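Contents: one structure, followed by commentary.
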Amino acid sequence: MLISQGHTMSELLSHVRGPSYCIRSENVKCMADCSSFVSNISFPSLTLKTTTRMIMQRLHLESSGSGVQCYKRGHRVIVGASPSTEDAVIATAPLTKEDLVAYLASGCKTKEKWRIGTENEKFGFEIKTLRPMKYEQIANLLNGIAERFDWEKIMEGDNIIGLKQGKQSISLEPGGQFELSGAPLETLHQTCVEVNSHLYQVKAVAEEMGIGFLGIGFQPKWGVKDIPIMPKGRYEIIRNYVPKVGSLGLDVMYRTCTVQVNLDFSSEVDMIKKFRVSLALQPIATALFANSPFTEGKPNGYLSMRSQVWTDYDNNRTGMLPFVFDDSFGFERYVDYALDVPMYFVYRKKKYIDCSGLSFRDFMSGKLSPIPGELATLNDWENHLATIYPEVRLKRYLEMRGADGGPWRSLCALPAFWVGILYDEVSLQSVLDITADWTPEERQMLRNKVPKSGLKTPFRDGLLRHVAEEVVKLAKDGLERRGFKESGFLNEVAEVVRTGVTPAEKLLEMYHGKWGGQSVDPVFEELLY
């Protein structure tokens, strides 16, 4: 028996059907009333057992006063886990692996509902001293943006740690990197408008404070010891754990900035295709957007130091995920992988509880030592998925993680590159064909060498640049077929493959040339937003 409009709560609780993944629903309404809420949910391809659990967890949240969170997509609503800034619901039954798989599968949606979500980070600094912003300055900046541009404040205890406005949010990375997490938008024109509006608002307040923002992938001047620590509980837990599992974890936390794009899939098969293409191409994206050649005032020997430091962060939760290319790959295989990744924390009663190194499997069975007997919820699963950092990450969408932060044009160019490939069936299939015979060793070789040699990395009978030229052409063709006149956003990337000169190499030319080879300080002016 399938869940459909009109079934009673007793029917929901008394019937179970085998798994068939990807939630699809057309006639769903978000209602606060329990009976109306449940009777109006139609999940025709999810098991009753799984969906009932998801519904009950959400209804418990509603009854506790937090409100049921429903994510509207056209005429469809997905019932989702609450963000970590809220208290988690109390689980009444153990989660099953089927629940975790169904959670990922609930991201499936038809092509007309696909959206583009961008995230970009930047370094704030004092204009006079070039030193990183202190938390007090960041707090003043966040308060100023909230008051001037009507953002809602996000607090942790007495500390302001972010802002929210509609589906956009501003948050702080561990070293005070300022991050915009954009709304899911339909076109690249909208994403670029969003980025420009954000940069305008930030600059309007920051300039009055003597603060500037730098678009680069790795802190060019200051060491880890010089970076102020942000008062966020989860970061304290991670900061204490990462030195135990890798030598460069603190560099990743405090000295890197990235730009990312989040994209949708229509089915498990579509997800698999997009995951494989984006993983294979991630080193090309790293090369095209390489923009971090300086460390502590000098050239560091890399074009993307940001990408390099990720190679020794924590190998349990990073990397190229070779299993994605296995015939057995799908939502369930990713769940198995994620369950094997050690935990960082659990969020309870508005506090983060240190669970670093422990097993989510144990949490699911109530055997997590810091909170014995307490069961994991979908909220906890969502939080756990967000602490896994492969080159491409699966949540209820796919997240491209391989690019350095950069100037504003690159913030529009990165989503253009990926949308042109992944949202066009012809380009997607063409890249699948190009990369089909790449071996796991070749993909890993590219991941290892690109941070240093970029587009000049040798690959088969030529250079990676030659593959990048072909891929960028396919991205442009894909954008043109979308029909939104978006291909102009690729101009920056097209210039990089035409010349073979990455943004990092341009910075190095200036360092050895007009900057005089003595100081990286001019980069703060060159890449100022």
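The values are calculated or read from the model by the stated rules, or taken from the named source; none is laboratory data. Every value quoted in this text rests on a predicted model; they were computed, and no experiment measured them. Quick reminder, even Gly has a Cβ in these numbers, built from the backbone with ideal geometry, and neighbours come from all protein chains shown. For accessibility, only protein heavy atoms count, side chains too; no ligands or nucleic acids. Shrake-Rupley method; radii C 1.70, N 1.55, O 1.52, S 1.80 Å.
Structure notes:
- Taking all Cα-Cα distances within the range 185-226, those exceeding 14 Å account for 65%.
- Volume per residue that the Cα convex hull of the range 295-336 spans, once the total is divided by residue count, Å³: 90
- Convex hull of the range 257-406 built on C-alpha atoms - directionally averaged projected area, nm²: 10.5
- Label point distance in nm, Asn159-Ala93, each placed 7 Å from Cα along Cα→Cβ: 4.0
- The heavy atoms of Met305 offer some 20 square angstrom of accessible surface to a 1.4 angstrom probe.
- Accessible area, probe 1.4 Å, largest first, for residues His512, His198: His512, His198
- Potential extension, Ile127-Ser519 segment - 0.36 nm per residue separation minus Cα distance: 139.5 nm
- Euclidean distance between Cα centres, the range 371-388 to the range 423-440, Å: 35
- Fraction in percent of alpha-carbon pairs per bin - 5 Å, the range 399-529: 2, 9, 16, 20, 21, 15, 9, 5, 3, 1
- Spatial offset of the range 128-167 relative to the range 228-274 amounts to 21 Å, using the alpha carbon center of each.
- Percentage, to the nearest whole number, of Cα pairs in the range 235-322 over 21 Å apart: 43
- Relative to its Kirkwood radius, the Cα radius of gyration of the range 101-152 gives an Rg/Rh of 1.24.
- Length available on full extension from Asn240 to Glu136: 0.36 nm per residue minus the Cα-Cα distance, which gives 35.1 nm.
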